[in-house]
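I have placed the structure first, in the form of structure tokens, so that the comments after it can refer back to it.
The values are calculated or read from the model by the stated rules, or taken from the named source; none is laboratory data. Since the model is a prediction, treat every value here as computed from it, not as a measurement. Cβ placement follows ideal geometry from the backbone for every residue including glycine, while neighbour counts extend to all protein chains displayed. Surface areas here come from the heavy atoms of the whole protein model, side chains and all, with no ligands, DNA or RNA. Shrake-Rupley method; radii C 1.70, N 1.55, O 1.52, S 1.80 Å.
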Amino acid sequence: MSSPEIASLSWGQMKVKGCSTTYKDCKVWPGGSRTWDWRETGTNHSPGVQPADLEEVVKKGVKTVVIGRGMSEALQVPASTVDYLKKHGIDVLVLQTEKAVAEYNALAAQGVRVGGVFHSTC
């Protein structure tokens, strides 16, 4: 099962190939995607992405996780979150969202078991 391509990204909107939903923030993994609802884990721009935000993606057996910090990189990613991924043997890339999507799509095209969480606004 391959990771789906992110078909488009603009401020506040993301589309994943093969999915009719338009996301504001999304999670993707081999074989699927869904809305990333920050309210589920109490996530906010600071302290930012928490391990709980990534558990679902990690459970899909990914080898790499790409985190998109937003168009202006307002979303923080604490060291504890990066450590959580590394402890699970997962490579992690933390980038501005447009760069993160490009990197994610490149890895997916190479057949890497890549997952990601992407914030499409600030």
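Listing for the model above:
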read-out	value
Hits in segment 75-88 - residues which are under 15 Å from residue 63 (Cα atoms) and open to solvent by less than 60 Å² (accessible area, probe 1.4 Å)	82, 84, 85
Residue selected from segment 90-120 under the condition touching a strand residue (DSSP E or B) at 6+ places or on another chain (Cβ under 8 Å) and part of a loop (DSSP other than H, G, I, E, B), by the criterion surrounded by the fewest Cβ atoms within 10 Å (Cβ to Cβ)	96
So residue 61, is it more than 18 Å from residue 12 (Cβ to Cβ) and out of contact with any strand residue (DSSP E or B) (no Cβ under 9 Å at 6 or more places or on another chain)	no
Condition check for residue 13: within 16 Å of residue 120 (Cβ to Cβ) and open to solvent by 70 Å² or more (accessible area, probe 1.4 Å)	yes
Which numbered condition residue 57 misses (of (1) surrounded by fewer than 16 Cβ atoms within 10 Å (Cβ to Cβ); (2) out of contact with any Ser or Thr (no Cβ under 9 Å at 6 or more places or on another chain); (3) not small (Gly, Ala, Ser))	(1)
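Results for (1) surrounded by fewer than 16 Cβ atoms within 10 Å (Cβ to Cβ); (2) in a loop (DSSP other than H, G, I, E, B); (3) of a type in the set (Lys, Arg), shown as yes or no for each residue.
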position: 8; (1), (2), (3): yes, no, no
position: 34; (1), (2), (3): yes, no, yes
position: 39; (1), (2), (3): yes, no, yes
position: 42; (1), (2), (3): yes, yes, no
position: 62; (1), (2), (3): no, yes, no
position: 67; (1), (2), (3): no, no, no
position: 70; (1), (2), (3): no, yes, no
